[in-house]
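Undergrad: Structure incoming, see below.
The values are calculated or read from the model by the stated rules, or taken from the named source; none is laboratory data. It should be emphasised that the depicted structure is a prediction, and the values quoted were computed from it without experimental measurement. Counting neighbours? That spans all protein chains shown, and the Cβs are built from the backbone with ideal geometry, glycine included.
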Amino acid sequence: MQDLHASPIFPGDEASLAEVQKRNVLMLQGLMGPLFRRFGQGLMEAGHRVFKVNFNGGDRLFWGLPNGIDYCGSLEEWPQAFASLLREHDITDVTLFGDCRDHHVPAIRICRELGIPVHVFEEGYIRPDWVTLELGGVNGHSSLPRDPAWYRETAAALPAIEQPARFTASFRRRATEGLLYNAADVLTRWYYRHWNNHRPWHPVVEGVGWLRKLRRQKERDTFGEELLARLKASEEPYFLFPLQLDSDAQIRLHSPFAGILPALHLIIESFADYAPNDVRLVVKEHPLDNGVRDWQQETADLADRFGVGDRVDYLPSGDIVCIAQQARGIVTINSTSGTFGLSMGVPVVALGHAVYDIPDITYQGGLDSFWRDPVPPDAQTFAAFRRVLVDRCLIPGGFFSEDALANVVRHAVERFEGRRLPTEREPTHSASAY
């Protein structure tokens, strides 16, 4: 049996191709789509053995490679079953997407006890054109410190990085992959009888929400374009609150809020009480919101309740670049929209646990005073923070186009083996709707 406590060759180690130790990798749940199949293929081609646990029909549909393992047991039985899999297959590394899912939490704990490295994928800390691949945990579970001096000192010892390519991202592709995944899940519940989605809605409910939203997409786009034009023409100052997904574990586990509604309540109430009378608040819908809940109506109801209905706008669609660039400040819980704003020098206040919530980068004085005194980030400190993120836990690419996914897989395999590929292209166009 291989040494399960061996130190991983993961980022920072110098290892030639001949020196890379071939490892046995166990994949748990990935993103809805072909990410883990493609990454698994890349690892296999590099000589590693790869196994994949399928918890439902969607997992199985998008795996389609050898060494798939159907887990049909209960969540209570999972820790013991997972430990058995580690022993049976001499697992040296575990890979998963999102470290807060029900089956991932006990798996990470067991791996930590055994000294087995866990490689965690997530949406990129910095967007667009980056994804996260971090050792041990992400976001609120990240091991990165919150000391601005540490980032400045650490970044000073790192070489400069090239600007990564700009990658396209297809909303249609993401929606299609999600629908296929959920359909396969629903149709195989009889087989995976103990499976329970980590999301709060049944897939059928989400599907209905998406259909309702897509039917109104043209109307929503027109409304968004008109709002953006009005804001630009009026030159009225405004703050931006980009909504996160109500099902996001970053809300439920890494913030003081149980969901988006209490956060929206707090922000609009604070805006009404403390913001100058000549500024507006723009609430932007997340592009991947499933439409189950009518956030536009919720926003309007709260704005009317606190007497600011004429100063609060709801943006149902549109590129966040346009709206964020001119914002006086961005209020976020822990969204990666925060780092997007910081990269443009826009003041940001974070209300939850965010990897970027660091003195000299985000506003530290609290929400109530942020409306009147939004302090922009220190450019040098944010540049250092960004440089360290790229070195430790970011790889260029994306999940929802062939070019972007191929780039992620290529860099992920190299990062897994302790080697680096340089970024190859200069930016050509932006393609993010976040």
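Undergrad: Identify the single condition in (1) in contact with a helix residue (DSSP H, G or I) (Cβ under 8 Å, 6 or more places away or on another chain); (2) surrounded by 20 or more Cβ atoms within 10 Å (Cβ to Cβ); (3) closer than 28 Å to residue 390 by Cα that residue 54 does not satisfy, given that it satisfies every other one.
TA: It fails just one condition, (3).
Conditions tested, residue by residue: (1) within 27 Å of residue 325 (Cβ to Cβ); (2) outside any loop (DSSP other than H, G, I, E, B); (3) outside the structural domain of residue 101 (by TED's automatic domain parsing).
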{"site": "204", "(1), (2), (3)": "no, yes, yes"}
{"site": "207", "(1), (2), (3)": "no, yes, yes"}
{"site": "219", "(1), (2), (3)": "yes, yes, yes"}
{"site": "232", "(1), (2), (3)": "yes, yes, yes"}
{"site": "276", "(1), (2), (3)": "yes, no, yes"}
{"site": "302", "(1), (2), (3)": "yes, yes, yes"}
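This table checks each residue for (1) modelled with pLDDT of 95 or more; (2) touching a helix residue (DSSP H, G or I) at 6+ places or on another chain (Cβ under 9 Å).
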{"site": "10", "(1), (2)": "no, yes"}
{"site": "29", "(1), (2)": "yes, yes"}
{"site": "40", "(1), (2)": "yes, yes"}
{"site": "67", "(1), (2)": "yes, yes"}
{"site": "70", "(1), (2)": "yes, yes"}
{"site": "76", "(1), (2)": "yes, no"}
{"site": "91", "(1), (2)": "yes, yes"}
{"site": "117", "(1), (2)": "yes, yes"}
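Undergrad: Looking at (1) surrounded by fewer than 16 Cβ atoms within 10 Å (Cβ to Cβ); (2) part of a helix (DSSP H, G or I); (3) touching a residue at least 40 places away in the same chain (Cβ under 8 Å); (4) not polar (S, T, N, Q), which is the only condition residue 261 fails?
TA: (3)
Undergrad: Among all residue pairs at least 6 apart or on different chains, which show Cβ distances below 6 Å where the first residue, located in the range 344-362, is within 14 Å of residue 384 (Cα to Cα) and surrounded by fewer than 20 Cβ atoms within 10 Å (Cβ to Cβ) and the second is modelled with pLDDT of 95 or more and among the charged types (D, E, K, R)?
TA: 360/378
Undergrad: Condition check: part of a loop (DSSP other than H, G, I, E, B) and surrounded by fewer than 20 Cβ atoms within 10 Å (Cβ to Cβ). Does residue 153 satisfy that?
TA: Details: part of a loop (DSSP other than H, G, I, E, B): no; surrounded by fewer than 20 Cβ atoms within 10 Å (Cβ to Cβ): yes.
No.
Undergrad: Let me ask something else. Just to be sure, is residue 127 under 26 Å from residue 392 (Cα atoms), basic (Lys, Arg) and more than 16 Å from the chain's Cα centre (by Cα)? Quick ask: steps written out before the conclusion?
TA: Values: under 26 Å from residue 392 (Cα atoms): yes; basic (Lys, Arg): yes; more than 16 Å from the chain's Cα centre (by Cα): no.
In short, no.
Condition check ((1) over 26 Å from residue 149 (Cα atoms); (2) small (Gly, Ala, Ser); (3) modelled with pLDDT of 90 or more) across all residues:
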position	(1), (2), (3)
331	no, no, yes
341	no, yes, yes
346	no, no, yes
378	no, no, yes
383	no, yes, yes
390	no, no, yes
409	yes, no, yes
426	yes, no, no
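Yes or no, residue by residue, for (1) under 30 Å from residue 383 (Cα atoms); (2) in contact with a helix residue (DSSP H, G or I) (Cβ under 7 Å, 6 or more places away or on another chain); (3) modelled with pLDDT of 80 or more; (4) surrounded by 17 or more Cβ atoms within 10 Å (Cβ to Cβ):
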{"residue": "157", "(1), (2), (3), (4)": "yes, no, yes, no"}
{"residue": "176", "(1), (2), (3), (4)": "no, no, yes, no"}
{"residue": "195", "(1), (2), (3), (4)": "no, no, yes, yes"}
{"residue": "205", "(1), (2), (3), (4)": "no, no, no, no"}
{"residue": "211", "(1), (2), (3), (4)": "no, no, no, no"}
{"residue": "222", "(1), (2), (3), (4)": "no, no, yes, no"}
